[in-house]
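Report on the structure given below.
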Amino acid sequence: ERDGKGCFSERLPPKFPGLFQRPGPESRATLKTLNTLGELSMSETDVFPVPQAIADSALINNERYLEMYKASVTDPEGFWAEHGKRIDWIKPFTQVRDVSFDPHDVRIRWFHDGTLNVAANCLDRHLATRGDQTAILWEGDDPAESQAVTYRDLYERVGRLSNALRALGVKKGDRVCLYLPMIPEAAVAMLACARIGAIHSIVFGGFSPDSLANRIQDSECTVVITADEGLRGGRRVPLKTNVDKALADCPSVKSVVVVKRTGGDVPMTAGRDLWYEEITAVQPVDAPAEEMEAEDPLFILYTSGSTGKPKGVLHTSGGYLVYASMTHEYVFDYRDGEIYWCTADVGWVTGHSYIVYGPLANGATTLMFEGIPSYPDASRFWRVVEKHKVNIFYTAPTAIRALMREGEEPVKACDRSSLRILGSVGEPINPEAWIWYHRVVGDSRCPIVDTWWQTETGGILITPLPGATALKPGSATRPFFGVQPVLVDGEGNELSGATEGNLCVSDSWPGQARTVYGDHERFVQTYFTTYKGYYFTGDGCRRDADGYYWITGRVDDVINVSGHRMGTAEIESALVAHAKVAEAAVVGYPHDIKGQGIYAYVTLVAGEKESEELRKELVAWVRKEIGPIASPDVIQWAPGLPKTRSGKIMRRILRKIAENEVGALGDTSTLADPSVVEDLIANRKA
Ligand code: PRX
């Protein structure tokens, strides 16, 4: 059943009782019928029109959006030839695109005869005009700690590290793993790699030594850059110790560069480990930027899919930077001089595109936050907004839902008058959380851009533009320039009008991933064979009568826990690696704060006893194997799993039981042993 096309249509629409209530047919009937994209005329309870002040001053109003969107899809060559010029090229491109989604010949190249350096675009080109402007405004975990790093400081720090990495023998094309906390050195390390043409692979600090080792091995990194310890919510994260454990199994790694963050006592291996501060202090600040081809790799970022190990999604230089910078400017209506804050971690794609590359290419001041929303208390986000006069604020629905629970007081206690635009990313935002974000955080003044995209898309694909798009809570609304979303049924037939289906994209955009590192066949298989001629996103989606898109969640065996993407297969392999576990099946279920929680059905090996102690042991085991973000929320002991006569686990039934939709199990006649299901229902964990 895993990966089966049948399950895509069967799973739509997902049921998120209470939490994800979309406007039903009744409320949709109150919307007057639409014309084309843009000309909306709807009831006020469903739609938040563009505030006049924003429409008047925004970079893009609705008329302009419609005009530009049309140009971008009728003449993509001309459109991107123009917008490709927004970054500095060493050798200007003459070729705009070379694209094929044919599964026998998947080719994605943009601006491919141009050359550039991404770090020079983020640093050097700003020095003359904004050398003294703050590039990175860093806010520590401890509210007493902050730092303003100017464009000139950042240029110099990047230059020193670039030289230090070159001195360690790192050259163009080599892979460097970054396992760092949210400190300015994380951005410095990314940009230093980009400057010398090395490919960075960032691993989120919440991943375990095993997960780190797998990622280092897959891309054969030669250097790891880490810190002694991270600091989150007052607690120390043992980064260097985790690296030491991981490296027991990573022969490709020659050097480990360690940033002193906490000053914690960490062992250093002679001949391998070096202090960041020592090796950079002795280097000059100027480092020549490597001339890179547009299609030379910039970074690898591992992400989970339906099956197998995480994939190393590969992004290249020219198209990625054009797309990241353009979306950052237009989606957030970014103006020179504004303070922009994205709360993501650089370990995820959002941090890559919208903390570092997009904002810095645009000469923005990007706020980087080391801590968590609940430390020292639930008003932390808003205190930071007040302290740094943040204008644009971009976060995940899971944070909004958690903060919503704390009531309005922690928000109202802080001055948020600087806020102009709010953003949401990573998972569907339920209308209730949207309305709270809008009314309480934004004082009903600030448009919310609900941005839909993926690690593989490099940048935002479906989103409102603040000055152009009337908003509907819970909808990512309309496609960005050049993006052509398509909904298809289980057989790959394109569906038209107001409908629901599997979300695909029919043509390329410059920020699209180019391959899976070391496994192009897997790239083709995963994204281009399910529905021929399209890029398949793995998401389900509804399109309403106004042409607005409503993402309904994954239609494959990927779950989204607190905006973190997890493969259920990975959690299952971790569970069955435990000596007492015979079999395991993992599914998502609706969770009030996390969006989805992790529900694991576990069959023990014969003779092992179910106990609360063993349940805790298994949770700890998964944390150790993958990392805390993969901790199962629920473990249900399952004497048997529902299987077909040919032995396939019927995951559809397990999802229904976890979602408490036991009245809607569907056809169970193909089960080898129907009594298994009764047992699972009877012992369901609330
Ligand atoms: O299911 C969609 C969900 O997150 C998935 C992508 O996860 P990842 O590659 O980790 O990137 C997250 C940050 C871009 C998508 O397939 N998703 C992301 N943004 C939204 C969303 N679902 C609904 N609405 C969104 N705005």
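The values are calculated or read from the model by the stated rules, or taken from the named source; none is laboratory data. Because the structure is a prediction, the values reported are computed rather than measured. When we count neighbours, we look across all protein chains shown, and the Cβ atoms used for this are built from the backbone with ideal geometry, even at glycine. Quick note on the areas: whole protein, heavy atoms, side chains included, nothing else; ligands and nucleic acids left out. Shrake-Rupley method; radii C 1.70, N 1.55, O 1.52, S 1.80 Å.
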Of the candidates Val385, Met404, Leu575, the farthest towards the positive dipole end of the chain (Lys/Arg Cβ +1, Asp/Glu Cβ -1, centred on the Cα centre) is Leu575
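So, with a 1.4 angstrom probe, what is the percent of accessible area on the chain that is carbon and sulfur?
Carbon plus sulfur share of accessible area: 50 percent.
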To the nearest 20 debye, the chain has a Cα-centred charge dipole, built from +1 on Lys and Arg Cβ and -1 on Asp and Glu Cβ, of 440 debye
In Å², rounded to a whole number, the accessible area per residue of segment 54-114 with probe 1.4 Å is 53 Å²
Ordered by number, the trypsin sites (Lys or Arg not before Pro) in segment 397-428 that occupy a DSSP loop and have at most 15 other Cβ atoms within 10 Å are Arg405
Rounded to one decimal in nm, the spacing of the 7 Å Cα→Cβ label points at Trp275 and Ala606 is 6.0 nm
Counting only DSSP beta bridges fully inside the chain, the antiparallel percentage to nearest 5 is 60 percent
The pairs in Lys580/Lys648; Lys309/Lys656; Lys260/Lys387; Lys309/Lys472; Lys171/Lys309; Lys171/Lys240 lying past 32 Å Cα-Cα in this model are Lys309/Lys472
The set of residues whose placed amide H lies less than 5 Å from the amide H of Gly371, leaving out same-chain residues fewer than 5 positions away, is Asp141
Once Asn660 and Ile681 are pulled to full extension, the length gained, defined as 0.36 nm per residue separation minus their Cα-Cα distance, is 6.7 nm
Taking placed amide H atoms and a strict 5 Å upper bound, the residues 5 or more places from Gly563 or on another chain that come that close are Gln596
Between Arg335 and Arg236, Cβ-based FRET efficiency (R0 56 Å, step 0.05) works out to 0.90
Computed, not fitted: 222 nm per-residue ellipticity of the chain from DSSP H runs ≥ 4 (each -39500 (n - 2.57)), nearest 500, equal to -8000 deg cm²/dmol
So, with points 7 Å from each Cα along the Cβ direction, the Glu406-Leu127 label distance in nm works out to 4.2 nm
For segment 578-686 the trypsin sites (Lys or Arg not before Pro) that pass both the DSSP coil test and the at-most-10 other-Cβ-within-10 Å test are Lys609, Arg645
Answer in debye to the nearest 20: the dipole magnitude of segment 302-430 about its Cα centre, from +1 Lys/Arg and -1 Asp/Glu charges placed on Cβ, is 200 debye
In segment 140-186, the GluC sites (Glu not before Pro) that sit in a DSSP loop and have at most 16 other Cβ atoms within 10 Å of their own Cβ are Glu145
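Quick check: residue separation of Glu617 and His520 times 0.36 nm, minus the Cα distance between them. What number comes out in nm?
Gain in length upon complete extension: 31.1 nm.
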With Gln95 itself left out, Lys, Arg at +1 and Asp, Glu at -1 over residues whose Cβ is under 13 Å from its Cβ give -1
Straight-line reach check, Lys412, cutoff 19 Å on alpha carbons, 8 or more apart in-chain or any other chain, hits among aspartates and glutamates -> Asp377, Glu386, Glu432, Asp443
Segment 550-653 accessible area per residue, 1.4 Å probe, protein heavy atoms, integer Å², reads 37 Å²
For segment 256-261, Karplus-derived ³J(HN,Hα) couplings (6.51, -1.76, 1.60; θ = phi - 60°; whole Hz; x for glycine and proline) come out as 10, 9, 10, 7, 7, 9
Expected unfolding gain across Glu145-Asn493 under the 0.36 nm per residue rule, minus the alpha-carbon gap, is 119.8 nm
The answer for segment 277-344, accessible area per residue at 1.4 Å probe in Å², is 29 Å²
Counting sequence-distant residues (5 or more places) and residues on other chains, those with an amide H built under 5 Å from that of Ile635 are Ala600
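I need the shape label for the chain. Rule: rounded when a/c is under 1.5, else prolate if a/b > b/c, else oblate, with a, b, c from the alpha carbon gyration tensor.
It comes out rounded by the Cα gyration axes.
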Applied in sequence order to segment 181-195, the curve 6.51 cos²θ - 1.76 cosθ + 1.60 (Karplus, θ = phi - 60°) yields integer Hz couplings, x standing for Gly and Pro, of x, 7, 10, x, 4, 5, 5, 4, 5, 4, 5, 5, 4, 4, 5
